[in-house]
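Trainee: Okay, handing you the structure first.
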Amino acid sequence: MSDILQTIPFSLFTDFDVALFKTGKHYNLYNKLGSHLVSHEGKTGTYFAVWAPAASYVTVIGNFNSWDKNSHPMQVRWDGSGIWELFIPGVSHAVYYKYYIENSNGFKVEKGDPYALHWETPPHTGSITWDQEYTWNDSKWVAERQKGNALSKPISVYEVHLGSWRRSSEDGSFLTYREIAAQLPDYCVYMGFTHVEFMPIMEHPFYGSWGYQVTGYFAPSSRFGTPEDFKYLVDQLHLAGIGVILDWVPSHFPVDEHGLGYFDGSHLYEYADPRKGFHPDWKSFIFNLDRNEVREFLISNAFFWLEKFHIDGLRVDAVASMLYLDYSRKEGEWIPNQYGGRENLEAISFLKEFNTAVHEFFPDVITVAEESTSWPGVTHPVQDGGLGFDMKWMMGWMHDTLSYFENDPVYRKYHQGQLTFSLLYAFSEKFTLPLSHDEVVYGKQSLLNKMPGDEWQKFANLRLLFAYMYGHPGAKLIFMGGEFAQSHEWQHDYSLDWHENHHLLNNGVQSLVKDLNILYHEPALYTYNFTNEGFEWIANNDDQNCVICWRRKGINIEEDLIFVANFTPVVRSNYRIGVSLRGFYKEILNSDSLKYGGSDVLNSDELDAFPIPAHGHTHSLSLTLPPLGVVVLKFSHTEK
């Protein structure tokens, strides 16, 4: 690259930018820090800017200058911001680079750019200059999204790990973003999912971390293509009517030398004391949320994905680990807050700031917390003392429900409280019901093989689980493979076992999930999804028969749906439930239907509500309850 010219003084930072930066309120730092292709004084090139306040010398090295540490030294700004910058004419698109950093203590290191838009494919660690140009085609989707509240519609999420959803049938290699774009949107439309949630796609050095150990916060992983390729995937999902949620990791980052850790010879991004700055579970650094520049780095990163990639929602990972100073630590391994408590006051403040900022600038975007404790007010407004998230994963429901289902049906009558307990707190937050990747890995077995019994019972139990889940208040999330009852637990190095879907029972589960997603568009299942106005027990105390029944309520009583679930493999004839309307009812879904692989114990005729009192109602229906099945009923019409 002999055409690289001498550097020219130039800056993208204004005095106002620097003032915002120092106060921690610059939420668009991706437009200033990092590498930017610009023109100045008739010269085209790249402007570089990096925050390294403890450094005594910083230079840009790359394939344009033979990685020479003396060729292109940067200048530190005079305003005390700690920002180093440099404009290099002739450096253009797709140039490899790093920052070489020294400090006065003799520290020397080569670092990737924290704001890099593209990275070399791991195990290589270089940053790459990149032109972000892309012509979007999703204006109709964005306009529709801006019209209404996402939580007022059905939210059925398909959780996907890009590296293992599908792979090349020829050699098992990764599919590219564009190859996935040719398949995933159509599949989601066919299945009726409303959203895809991608496990972290930000650049990460270790594939086995599933993306949860991020080094390149501003770059989609180059394992699957370029940033524009990922934009194309998002675009195609939007054109198909599918929203996109990204897993986002503001809690911790890996210790890899080219990453954020000990960036300029000081603990710049992480807390200095390992009792607060190092995570024992994940062997990674914890962001110093007491520092303005770190808070705005993370909020800028959230804004980046929402603005530049048109992302519809962020699911914030490991919120509990952020909120508690003693999370996964023994006595003496953590530092109490200023009041002697275990709450991380800086993290609480940060999460409130994050949600406030996102909802101010992107009011139609949703934020979701993966928070596994009973921390109060996670989805309550910040002005009311809450953290400000739109939804929270209902981890208690997931663990209790899976624990219940793992019991042999003969013992379930002793554990019915595990099913009904969730309704005691179901409306304390706005919940998503997750059946996530964490539950089908590392020896926990697939959803199918968590179920007891012979082959038929395993599949019947899984159908029962899904039907019960869709009848329960809250949004829904299913990890890939669960929707067709994959028998093996998830393995990130391999494609899902799509061939299993050719089996009758697997295909039956998939057909049921498809129909449940269609059923989810019944107003009774989403109008009051997050308030107790939409739910009413009919009976939850028939422990001996392991039967529960409940009503999901719409605006009008004629919209109501009745769910009756039998958690044993015994057919229950003439099972009577009370109903609030006189007239005829129709069975609109039965998880035991032959088309789902069931035994076809149905209520096929119109059901007449007789004046026989039951469950506090003057009228009741006599049902045949299928084995390990759920029946869904809807009012049809009044008496003829």
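Trainee: Got at least one residue in region 408-417 being surrounded by 15 or more Cβ atoms within 10 Å (Cβ to Cβ) and of a type in the set (Asp, Glu)?
Mentor: no
Trainee: So is residue 580 over 30 Å from the mean Cα position of the chain (by Cα) and at pLDDT below 95 or not?
Mentor: yes
Trainee: Being buried (at least 21 other Cβ atoms within 10 Å of the Cβ) and either within 29 Å of residue 259 (Cα to Cα) or in contact (Cβ under 8 Å) with a residue 40 or more places away in the chain (or both), is that true of even one residue in region 102-110?
Mentor: no
Trainee: On to the next question. Go through the residues of region 372-379 one by one and say whether even a single one is open to solvent by less than 10 Å² (accessible area, probe 1.4 Å) and either touching a strand residue (DSSP E or B) at 6+ places or on another chain (Cβ under 6 Å) or assigned to a helix (DSSP H, G or I) (or both).
Mentor: yes
Trainee: Follow-up question, since we're still on this one. Which residue out of 354, 389 is in a loop (DSSP other than H, G, I, E, B) and either more than 19 Å from residue 249 (Cα to Cα) or not β-branched (Val, Ile, Thr) (or both)?
Mentor: Among 354, 389, only 389 is in a loop (DSSP other than H, G, I, E, B) and either more than 19 Å from residue 249 (Cα to Cα) or not β-branched (Val, Ile, Thr) (or both).
Trainee: Looking only at region 20-55, count every residue that is surrounded by 15 or more Cβ atoms within 10 Å (Cβ to Cβ) and polar (S, T, N, Q) and tell me the total.
Mentor: Going through region 20-55 one residue at a time, the tally reaches 4.
Trainee: Here's something else I'd like to know. From 180, 201, which residue is touching a Ser or Thr at 6+ places or on another chain (Cβ under 6 Å) and buried (at least 19 other Cβ atoms within 10 Å of the Cβ)?
Mentor: None of the other options fit; the residue is 201.
Trainee: Here are 352, 392: which of them is open to solvent by less than 30 Å² (accessible area, probe 1.4 Å), of a type in the set (Lys, Arg) and free of Cβ contacts under 8 Å to residues at least 60 places away in the same chain?
Mentor: 392
Trainee: Restricting the search to region 240-276, which residues are assigned to a loop (DSSP other than H, G, I, E, B), under 25 Å from the mean Cα position of the chain (by Cα) and of a type in the set (Phe, Trp, Tyr)?
Mentor: Scanning region 240-276 gives a single hit, 269.
Trainee: If residue 195 passes every condition in (1) open to solvent by less than 10 Å² (accessible area, probe 1.4 Å); (2) in contact (Cβ under 8 Å) with a residue 60 or more places away in the chain but one, which one does it miss?
Mentor: Unmet condition: (1).
Trainee: Only one of 61, 88, 83 is of a type in the set (Val, Ile, Thr), out of contact with any helix residue (DSSP H, G or I) (no Cβ under 6 Å at 6 or more places or on another chain), open to solvent by less than 20 Å² (accessible area, probe 1.4 Å) and under 24 Å from residue 22 (Cβ atoms); which?
Mentor: Exactly one of 61, 88, 83 is of a type in the set (Val, Ile, Thr), out of contact with any helix residue (DSSP H, G or I) (no Cβ under 6 Å at 6 or more places or on another chain), open to solvent by less than 20 Å² (accessible area, probe 1.4 Å) and under 24 Å from residue 22 (Cβ atoms), namely 83.
Trainee: Tell me, yes or no, whether region 277-297 has at least one residue that is open to solvent by less than 10 Å² (accessible area, probe 1.4 Å), of a type in the set (Gly, Ala, Ser) and assigned to a helix (DSSP H, G or I).
Mentor: Within region 277-297, one or more residues are open to solvent by less than 10 Å² (accessible area, probe 1.4 Å), of a type in the set (Gly, Ala, Ser) and assigned to a helix (DSSP H, G or I).
Trainee: Let me ask another. Within region 328-342, which residues are touching a strand residue (DSSP E or B) at 6+ places or on another chain (Cβ under 9 Å) and open to solvent by 70 Å² or more (accessible area, probe 1.4 Å)?
Mentor: Of everything in region 328-342, just one residue is touching a strand residue (DSSP E or B) at 6+ places or on another chain (Cβ under 9 Å) and open to solvent by 70 Å² or more (accessible area, probe 1.4 Å), namely 342.
Trainee: Scan region 229-239 and give yes if some residue there is part of a helix (DSSP H, G or I), among the charged types (D, E, K, R), touching a residue at least 40 places away in the same chain (Cβ under 8 Å) and closer than 20 Å to residue 492 by Cα, otherwise no.
Mentor: No, because not a single residue in region 229-239 is part of a helix (DSSP H, G or I), among the charged types (D, E, K, R), touching a residue at least 40 places away in the same chain (Cβ under 8 Å) and closer than 20 Å to residue 492 by Cα.
Trainee: Kindly establish whether residue 196 is touching a Ser or Thr at 6+ places or on another chain (Cβ under 8 Å) and outside any loop (DSSP other than H, G, I, E, B).
Mentor: Taking the combined requirement at face value, the residue does not satisfy it.
Trainee: Where the second residue is of a type in the set (Gly, Ala, Ser) and surrounded by fewer than 17 Cβ atoms within 10 Å (Cβ to Cβ) and the first is within 23 Å of residue 612 (Cβ to Cβ) and lies in region 581-594, which pairs have Cβ atoms under 6 Å and are six or more apart or on separate chains?
Mentor: 584/636; 585/636; 586/636
Trainee: Then there's this: Do we find that residue 368 is assigned to a strand (DSSP E or B), surrounded by 22 or more Cβ atoms within 10 Å (Cβ to Cβ) and not polar (S, T, N, Q) in this structure?
Mentor: When the stated conditions are applied, residue 368 passes them.
Trainee: If you check every pair at least six apart or on different chains, which have Cβ atoms under 6 Å apart with a residue in region 530-547 that is at positive phi first and a residue that is open to solvent by less than 30 Å² (accessible area, probe 1.4 Å) second?
Mentor: Short answer, once both residue conditions are applied: 546/412; 546/567; 546/568.
Trainee: For region 131-147, enumerate the residues that are in a loop (DSSP other than H, G, I, E, B), closer than 13 Å to residue 312 by Cα and at pLDDT 95 or above.
Mentor: The one that is in a loop (DSSP other than H, G, I, E, B), closer than 13 Å to residue 312 by Cα and at pLDDT 95 or above: 138.
Trainee: Continuing with this model, one more query. Residues being surrounded by 21 or more Cβ atoms within 10 Å (Cβ to Cβ), more than 13 Å from residue 312 (Cα to Cα) and among the hydrophobic types (A, V, I, L, M, F, W, C): count how many of those fall in region 216-255.
Mentor: 6
Trainee: Of all residues in region 118-130, which are assigned to a loop (DSSP other than H, G, I, E, B) and either of a type in the set (D, E, K, R) or open to solvent by 10 Å² or more (accessible area, probe 1.4 Å) (or both)?
Mentor: 120, 121, 122, 123, 124, 125, 130
Trainee: Go over the candidates 168, 164, 156, 173 one by one and state the one that is under 16 Å from the mean Cα position of the chain (by Cα) and either modelled with pLDDT of 95 or more or under 27 Å from residue 212 (Cα atoms) (or both).
Mentor: 156
Trainee: Across region 464-498, what is the total count of residues that are of a type in the set (Ser, Thr, Tyr) and open to solvent by 20 Å² or more (accessible area, probe 1.4 Å)?
Mentor: Matching residues across region 464-498 total 3.
Trainee: For residue 346, indicate whether it is closer than 23 Å to residue 28 by Cα and either crowded, with 18+ Cβ neighbours inside 10 Å or touching a Cys at 6+ places or on another chain (Cβ under 7 Å) (or both).
Mentor: The answer is yes for residue 346.
Trainee: Looking at (1) farther than 17 Å from residue 634 by Cα; (2) part of a loop (DSSP other than H, G, I, E, B); (3) touching a residue at least 40 places away in the same chain (Cβ under 8 Å), which is the only condition residue 600 fails?
Mentor: (3)
Trainee: Separate question: With 459, 421, 431, 479 as the choices, which residue is out of contact with any Ser or Thr (no Cβ under 6 Å at 6 or more places or on another chain) and closer than 25 Å to residue 593 by Cα?
Mentor: One residue alone meets the criteria, 459.
The values are calculated or read from the model by the stated rules, or taken from the named source; none is laboratory data. Bear in mind that the values here come from a model prediction, so they are computed numbers and not experimental data. When we count neighbours, we look across all protein chains shown, and the Cβ atoms used for this are built from the backbone with ideal geometry, even at glycine. Each accessible area value is taken on the protein alone, full model and side chains, heavy atoms only, with ligands, DNA and RNA left out. Shrake-Rupley method; radii C 1.70, N 1.55, O 1.52, S 1.80 Å.
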